Amino acid sequence: MPRAPDGRAFMPTPVTSSAPGKVILLGEHAVVFGEPAIAVAINKRTRVKVTDGEGDVSRVNGFPLSKQYHVHLALAVERLAPGEVVDLVTESQVVSAAGTGSSAALTVAVVHALLRRAGKLVPGDEETVAREAYEIEWLAQNGRGSPTDTSVATHGHGVIVAEEAFDELLWTVKKGPRRWRLHHLDLPPMTLVVGNTHERGRTMEQVAKVGRFVKQSGFGREIIRDLGVATRQGLVALASGDAIALGDAMDRAQNGLETLGVSTRKLERACAAARDAGALGAKLTGSGGGGSMIALVQGDPLPIAKAINRTGCSVFVTALGVEGVRAEDKR
Ligand code: MEV
């Protein structure tokens, strides 16, 4: 039976939390090296239900919980319910390995549920959840990556990640030589179409590949700096409500990401089709190597969604300004 810090035992009722997926508007990969990034939550969520388990192994969706197959969940249980047996049930609208933040949404939802179950979370304390979820992602990714995905899955809405300070600071995360400041970003009304190539992109591999390139080559570091310039252009465009300039920044970022080697032909065909159909800008989103692309739309998204779909991607139009992690029960 779980116990609160004061020794009080909690009822073994289920605890359910959910967190949103995300897209990176600008700055993926470069953010790992200290350049800014802009991430936004999307209207697809992952739910995790935690119940006291029976027997001597924890389970996920009826299967024994194993670090090999469920590394994020296993780490979360090891850290937040040590020595306990729990049953986890997961349910996700966020497609995995698609660049839309499936592992961050899962990690944030399970962390939120386990902390609440243990009586260790003050309602509204996003920072504790974001920090713990980032530690887990970082361990799962062999010590790589930034707190971007876990922070936006926790906070929702829009998040600016930067070394420098902006308004509306949420929290600061340090890891080795890096310091990231996470800020709330109010999003202007805008429409994004997301196209999933169904080529599986693996964040850990792509981040490791870019890491090697940047370490070995001055050209690699130049591309990272240029991606940072594109993100800063995007921030100015967002602040002034200039959708055309934001689209230009996205196209510039896509160029950089192609040079970095994380794009694919299919992503590029989808971006080109979106632009031909009238998108203001289009780029891959997330770690690349497959996964998804996003297109910025003014007006009716349908022609652009159809054009992306004709390149073999499945598509959805996302609402923005989505809520972050939340309890899905009354506790
Ligand atoms: C993945 O969604 C974003 C990357 O920048 C990795 C990271 O920031 O951890 C590619």
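The mean sequence distance of close C-alpha pairs (under 8 Å, at least 6 residues apart), as a share of the length of the range 234-331, puts its relative contact order at 22 percent.
If R₀ is 25 angstrom, what is the calculated FRET efficiency for the pair N61 and S314, using the beta carbon separation as r and rounding to 0.05? Each step should come with its number before you reach the end.
On the way: r = 24 Å, r/R0 = 0.94.
The formula returns an efficiency of 0.60 here.
With the cut-off at 1.5 for a/c, could you classify the chain from its C-alpha gyration tensor as rounded, prolate or oblate? Since a/c reaches 1.5 and a/b is larger than b/c, the shape of the chain is classed as prolate.
Angle of helix 102-117 to the longest C-alpha principal axis of the chain, folded into 0 to 90 degrees and rounded to 10: 30°.
Can you give the Rg/Rh ratio of the range 127-253, where Rg is from the C-alpha atoms and Rh is the Kirkwood radius? Walk me through the numbers before you get to the answer.
Working: Rg = 15.6 Å, Rh = 16.3 Å.
Checking Rg against Rh, the ratio lands at 0.96.
For the range 107-139, trypsin sites (Lys or Arg not before Pro) meeting the loop criterion (DSSP other than H, G, I, E, B) and having at most 15 other Cβ atoms within 10 Å: K120.
The packing ranking of peptides 44-55, 290-301, highest mean first, is 290-301, 44-55, where packing means the average number of other beta carbon atoms within 10 angstrom of each residue.
The range 61-121 and the range 126-178 have Cα centres separated by 18 Å.
Select from the range 130-220 those GluC sites (Glu not before Pro) which occupy a DSSP coil region and have at most 15 other Cβ atoms within 10 Å, ordered by residue number.
Details: sites: E132, E135, E137, E163, E164, E168, E199, E205; in loops: E163, E164, E168, E199.
Those satisfying the criteria are E163, E164, E168.
Going down the list K174/K215; K44/K120; K215/K306; K174/K283; K49/K266; K44/K266, which pairs span over 31 Å between their C-alpha atoms? Listed pairs above 31 Å: K215/K306; K49/K266. Full extension of the chain between A239 and E222 yields a length gain of 3.5 nm, computed as 0.36 nm times the residue separation minus the alpha carbon distance.
Applying 1/(1 + (r/R0)^6) with R0 = 25 Å to the Cβ-Cβ distance of D329 and S96, what FRET efficiency is obtained, to the nearest 0.05? Before the final figure, lay out each step's value.
Numbers: r = 25 Å, r/R0 = 0.99.
Efficiency at R0 = 25 Å is approximately 0.50.
I want to make sure I understand the PRE zone here: with the label point 7 angstrom from the Cα of D125 toward its beta carbon, which residues in the range 170-191 have backbone N atoms less than 18 Å away? Hits in the range 170-191 for D125 at 18 Å: 170-173.
Here the label points at R200 and Y69, each 7 Å from Cα along the C-beta direction, are separated by 1.4 nm in the simple model. Axis of helix 71-80 versus longest Cα principal axis of the chain: the two differ by about 40°, to the nearest ten degrees.
Leaving out same-chain residues fewer than 8 places away, which aspartates and glutamates sit with a Cα under 13 Å from that of K22? Partners within reach: D149, E323.
Summarised as an ellipsoid, the range 240-297 has semi-axes of 19, 12, 9 Å, derived from the eigenvalues of the Cα gyration tensor scaled by 5 and square-rooted, with the largest first. When Rg and the Kirkwood radius Rh are both evaluated on Cα atoms of the range 222-331, their ratio Rg/Rh stands at 1.03.
If each DSSP helix of 4+ residues adds -39,500 (n - 2.57) and the sum is divided by the residues in the chain, what number results at 222 nm, nearest 500 deg cm²/dmol?
Details: 9 runs with 125 residues, N = 331.
Value at 222 nm, helices only: -12000 deg cm²/dmol.
The numbers here are math on the coordinates, done by the rules we state, and not lab data. Predicted model, so just to flag it, every value in this text is computed and none were measured. In this analysis, Cβ positions are derived from the backbone assuming ideal geometry, glycine residues included, and neighbour counts consider all displayed protein chains.
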